[in-house]
1. Return one number: the angle in degrees, 0 to 90 and rounded to the nearest 10, between the long axis of the Cα atoms of helix 320-332 and the longest principal axis of the Cα atoms of the chain.
2. What is the ratio of the Cα radius of gyration of the chain to 2.2 N^0.38 Å, with N the residue count, to two decimals?
3. Using just the alpha carbons, could you tell me how many Å³ per residue the convex hull of segment 14-153 encloses?
4. Can you pull the one-decimal nm distance between simple spin-label points at residue 206 and residue 114, each 7 Å off the Cα toward Cβ?
5. Taking the mean number of other Cβ atoms within 10 Å as a proxy for protection, how do you rank 341-348, 288-295 from highest to lowest?
6. Spin-label point model (7 Å from Cα, Cβ direction): what's the residue 21 to residue 175 distance in nm?
7. Roughly what angle does helix 349-360 make with the longest principal axis of the chain, taking Cα atoms, 0 to 90 degrees, to the nearest 10?
8. What whole-number distance in Å separates the alpha-carbon centres of segment 188-205 and segment 45-122?
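Derivation of every value follows stated rules applied to the coordinates shown; laboratory data play no part. Just so it is clear, the model here is predicted, and its values are computed rather than measured. Counting neighbours? That spans all protein chains shown, and the Cβs are built from the backbone with ideal geometry, glycine included.
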């Protein structure tokens, strides 16, 4: 049955490979001619994801100044622009060697006799984007007219992702059959408001000899609570949109699985972590489309027990050695957290008193 699940999904994916998704961004663009601003406006940019590592890029109703007259030259449209996933979490695209022609009827009247100079104008495109923002530059070579035109679409002020990376063993179970452990990379971003963003990167289902490249499992704004065990606990139950991974040459099935599930994949995610270790379980509910639930275990639930209050030197006992340790930290002017027994941000005589009190009450 496990092989049937993967085979059916892979077959359906192949049948529907290349399905497109489309998104429109509204960004401000600025046109400079020989370094001087000559036009600026808001415009719509349509990005079509072709599902094969390329996009179509369309800048609507582009205007430049020819002579002293603003001229709407129409859409700048490029198909099949290669896209790669950057380490910054953004999609980057570059294209060059293209040309466009400004039709004679769009030129100011004084320039129409010279329409030949506005044919096959070379230009290059570079840019990056995420789900909410796009930034691109277009350099247009009009050296035949003694002009160099640059277009800046949007602003390059994407927020810098902040997160902690974990590498943990991952095991997948389908119908009681489990895969061999494989290393997996997870990014956990602390949002600073009691929530985290969770990203399991480049998830590939491996059961026996069968493989299915799923992509990135991303869940945002998961509530986190500090447990009595000293660990951060989190849980999420709902839908998520699977995203393409960032390995080159891989056909990621995540977007296709989203479509099968009506746009979002239902899952139940539960976990806990400290600064060194992460443990998560994920139930991916494919009951409605494949009558299956995929169970993912990430890491192992073998965290060391929380430290003993007052055990400043970490030997498992609260005794005079801890008092000596704290006095040593005080003498050196240090502020080690393990010596701050009362948690007031200072290492002082109050911490020594706390240890003596704990010893007396043993």
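1. 50 degrees
2. Working: Rg = 28.8 Å, N = 362, 2.2 N^0.38 = 20.6 Å.
Cα Rg divided by the expected 2.2 N^0.38 Å: 1.40.
3. Working: hull volume 16.7 nm³, N = 140.
Measuring per residue, one finds 119 Å³ for the Cα hull of segment 14-153.
4. The answer from the label model is 6.3 nm.
5. Values: 341-348: 14.6, 288-295: 16.1.
Top to bottom by mean Cβ count within 10 Å: 288-295, 341-348.
6. Taking the simple label geometry, residue 21 and residue 175 are separated by 2.9 nm.
7. That works out to roughly 50 degrees.
8. Between the Cα centres of segment 188-205 and segment 45-122 lies a distance of 37 Å.
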